[in-house]
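To start, the structure under review is shown below, and the notes come after it.
The values are calculated or read from the model by the stated rules, or taken from the named source; none is laboratory data. Keep in mind that what you see is a predicted model, and the values were worked out from it rather than measured. Counting neighbours? That spans all protein chains shown, and the Cβs are built from the backbone with ideal geometry, glycine included.
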């Protein structure tokens, strides 16, 4: 069985043969898999070994986000052709170092979902032991992890890559999206004129797109099956950004418990599956494995913020639910920054409650009470 190994703690630029940190149709394949094959694929953490196991927040403050995400791949799937569906089974996922991290970036360098309320950076280092994670920076909690890949997907066709750049250009002009960044691009060791041309076109990996990518769906875990649309010959499967645990929404951006890890996968093909099932973006079967928490406390948010009523805006409603939960957790000895990192790293459940009752959308956020070493229910 194929086993791709990395050097943990070593930047992708120093081991470029293992992968890439941009999307482009012409990245050379790392290895080939036949339908029915299995492989174990290791990958670096989301921030490419920039975060240190210490109490100093300067690494989060000064982070170079153009280095995200170091992906392992791409893998050629023999026989895959445009229009097929690539079937990926997630058999197992494990950390390969016993340390993970969470954080929120500063307002002038990355930000996050609640950046206007948390403009300064914060960091939490987590000790990963079996199923559990604890942090010296957030005492009094113990999380059961739901390990998953934050990022997994196939290479785009050149036509799809061109479409991405075209449609994102107006957002780039407004500062709402990031353009290609050739200076820190890694494209599986390519150099010279070929690299220069590709790096000008290669898209950043931060957003998810039709091919999958940075989906950050915590229920894509052990036992999940994902159906990816194939946009080019060989499919070009890549993965990385492994998470030990994460709340719905990964609200702090650097919000999951990020880790170096290894994913055991199996692959197969459904020929002409895109047309047969009208699939042009990933479809997945959620994992049957979940952290076993029986009791939750839930917070409601509506689409009203700072006295302004936003019409049916689920983003505003979910943000308000998050802020209400943070306000509440302050009463149990947590700082606001600690509460924020609890919401982003713990397996919280986010839901849209009502999206039909004008003018207010309703969202909820549910925190498992079992992660705390104290009773946090109202008395």
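Here are some notes:
- Residue within segment 329-343 that is over 23 Å from residue 117 (Cβ atoms), touching a strand residue (DSSP E or B) at 6+ places or on another chain (Cβ under 9 Å) and either outside the structural domain of residue 137 (by TED's automatic domain parsing) or without any contact (Cβ under 8 Å) to a residue 24 or more places away in the chain (or both) present: no
- Hits in segment 102-134 - residues which are touching a residue at least 12 places away in the same chain (Cβ under 8 Å), farther than 16 Å from residue 251 by Cβ and either part of a strand (DSSP E or B) or in contact with a strand residue (DSSP E or B) (Cβ under 6 Å, 6 or more places away or on another chain) (or both): 125, 126, 127, 128, 129, 131, 132, 133
- From the list 320, 338, the one residue that fits, being under 21 Å from the mean Cα position of the chain (by Cα), within 23 Å of residue 254 (Cα to Cα) and surrounded by 16 or more Cβ atoms within 10 Å (Cβ to Cβ), is 338.
- Residue satisfying all of: in segment 47-62; touching a residue at least 60 places away in the same chain (Cβ under 8 Å) and under 15 Å from residue 109 (Cβ atoms); farthest from the chain's Cα centre (by Cα) among these: 57
- Residues located in segment 251-282, provided they are more than 21 Å from residue 339 (Cα to Cα) and in contact with a helix residue (DSSP H, G or I) (Cβ under 8 Å, 6 or more places away or on another chain): 270, 279, 280
- Scanning segment 5-38 for residues that are in a strand (DSSP E or B) and either within 17 Å of the chain's Cα centre (by Cα) or surrounded by 19 or more Cβ atoms within 10 Å (Cβ to Cβ) (or both) yields 19, 20, 23, 33.
Let's see how each residue does on (1) more than 29 Å from residue 92 (Cβ to Cβ); (2) in the same structural domain as residue 274 (by TED's automatic domain parsing); (3) in contact with a helix residue (DSSP H, G or I) (Cβ under 8 Å, 6 or more places away or on another chain):
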{"site": "156", "(1), (2), (3)": "no, yes, yes"}
{"site": "172", "(1), (2), (3)": "yes, yes, no"}
{"site": "176", "(1), (2), (3)": "yes, yes, no"}
{"site": "183", "(1), (2), (3)": "yes, yes, yes"}
{"site": "203", "(1), (2), (3)": "yes, yes, yes"}
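- Search result, residues across segment 58-83 that are assigned to a loop (DSSP other than H, G, I, E, B) and either under 13 Å from residue 254 (Cα atoms) or touching a helix residue (DSSP H, G or I) at 6+ places or on another chain (Cβ under 6 Å) (or both): 63, 64, 68, 69, 70, 83
- Taken together, the criteria place residue 279 among residues that are in a loop (DSSP other than H, G, I, E, B), modelled with pLDDT of 95 or more and surrounded by 14 or more Cβ atoms within 10 Å (Cβ to Cβ).
- Single condition residue 110 does not satisfy, out of (1) over 21 Å from the mean Cα position of the chain (by Cα); (2) at pLDDT below 95; (3) at positive phi: (1)
- Sole exception among (1) under 23 Å from residue 364 (Cβ atoms); (2) in contact with a strand residue (DSSP E or B) (Cβ under 7 Å, 6 or more places away or on another chain); (3) not in a strand (DSSP E or B) for residue 290, by number: (2)
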